[in-house]
1. Roughly how far apart, in whole Å, are the Cα centres of segment 106-166 and segment 11-49?
2. If each of Asp299 and Ala151 carries a label point 7 Å out from its Cα toward its Cβ, how far apart are those two points in nm?
3. Which length gain, in nm to one decimal place, applies between Lys14 and Arg67 when the Cα-Cα distance is subtracted from 0.36 nm times their residue separation?
4. With a/c under 1.5 counting as rounded, go ahead and sort the chain into rounded, prolate or oblate using the C-alpha gyration tensor (a ≥ b ≥ c being the square roots of the eigenvalues; past the cut-off, prolate if a/b is larger than b/c, else oblate).
5. Tell me the angle of helix 248-263 to the major Cα principal axis of the chain, expressed in degrees between 0 and 90 and rounded to the nearest ten.
6. Assigning unit charges at the beta carbon (Lys, Arg +1; Asp, Glu -1) and nothing else, what dipole magnitude in debye, to the nearest 20, does the chain show about its Cα centre?
7. Which of the peptides 56-63, 185-192, 150-157, 125-132 is most tightly packed, and how do the rest follow, judged by the mean count of other Cβ atoms within 10 Å per residue?
8. Is it possible to state the helix-based mean residue ellipticity at 222 nm for the chain, with each DSSP H run of 4+ residues giving -39500 (n - 2.57), the sum divided by total residues, to the nearest 500 deg cm²/dmol? What is it?
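The values are calculated or read from the model by the stated rules, or taken from the named source; none is laboratory data. Being a predicted model, the structure only gives us computed values, none of them experimental. So basically every Cβ, Gly included, is an ideal-geometry build from the backbone, and we count neighbours across all protein chains shown. When the accessible area is computed, the model is the full protein with side chains, heavy atoms only, and any ligands, DNA or RNA have been set aside. Shrake-Rupley method; radii C 1.70, N 1.55, O 1.52, S 1.80 Å.
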Amino acid sequence: MKIAFLADPLAGFKTYKDSTYAMMVEADRRGHAVYAFEQRDMALDGGSVFANAARLTLTGDSHDWYRAAPAHETDLSTFDAILQRKDPPFDMEYIYGTYLLELAERQGARVFNKPSAIRDHNEKLAIAQFSQYTAPTLVTSNEARIRAFQAHHGDIILKPLDGMGGAGVFRINAEGLNLGAVVETLTDNGRRTIMAQRYIPEIVKGDKRILVVNGKAVPFSLARIPQAGEVRGNLAAGGTGVAQPLTARDREIAEALGPELASRGLLLVGLDVIGDFLTEVNVTSPTCFQEIAQQTGFDVAAMFIDAVEQAR
């Protein structure tokens, strides 16, 4: 197969933990041709979507890890699979990229995750479609509503709808100290919609990332355990990743959501679960492949490339 990765700049990859790198290595190991391009490399011209894509040769060296042939303008429909692996922010440029990929689909390209499905599943808001698995949640830009929510639930979490890696996440305890300042900052004085959730004490045991590939759960989660004094377990915020078998509740959530999300065109999903509650549905570029593989021996990248091969 010819597999193209729409990714962030290759020079910024941390190969010891990058899930996209793990996918590339597995695809290369199986003899597939691996290509890469960035969102800015795409263009619509003459009714077709092209990208300046470079074929990669992987060296096996964790630092100087690839050689890139000269990039050539390539019709995206000529690839057997295009893997959308660009990280947020999910801004208008990201959305424009999904529009171009959707046009490429109409010309025969196979894109994973499906561009329209990425647009339709905001990683914070998508949990509202599965409210039976969530803690009490409020989405609004209205300060009075947020204050009422905090007064009712006491200890709450506030976060933006377009962040990643724990950026912009605040905990407000029952005393409500600094609630006004945090709300003003996150909502830009009422101009931006945010999410409030009841605080889940089990965060001290980790924010679990459950990977679901083509509707089936990887049998291990990665619990991202916060540093002392932190409420964010995200690895990008200094959390420690500990792989562990799925609990019965983890499996219940994954088995309920997995097939439905796969039917919508989401080949790879990262479900975030704290305690017994679903907190996010990650669809842009879910991670944690390498941490799970290194700690358990379960080859997540192999499971994923199996799914890509079967989907063509």
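1. Here the answer is 28 Å between Cα centres.
2. Those two pseudo-labels are separated by 5.8 nm.
3. Details: separation 53, 0.36 × 53 = 19.08 nm, distance 1.60 nm.
Full extension from Lys14 to Arg67 adds 17.5 nm.
4. Prolate, because a/c is 1.5 or more and a/b exceeds b/c.
5. Tilt relative to the chain: about 50 degrees.
6. Values: 32 positive and 39 negative charges, 69 e Å.
Approximately 320 debye in magnitude.
7. Details: 56-63: 11.8, 185-192: 13.6, 150-157: 17.2, 125-132: 15.1.
My ranking of the peptides, most packed first, is 150-157, 125-132, 185-192, 56-63.
8. Values: 8 runs with 88 residues, N = 312.
Using -39500 (n - 2.57) per qualifying helix, the result is -8500 deg cm²/dmol.
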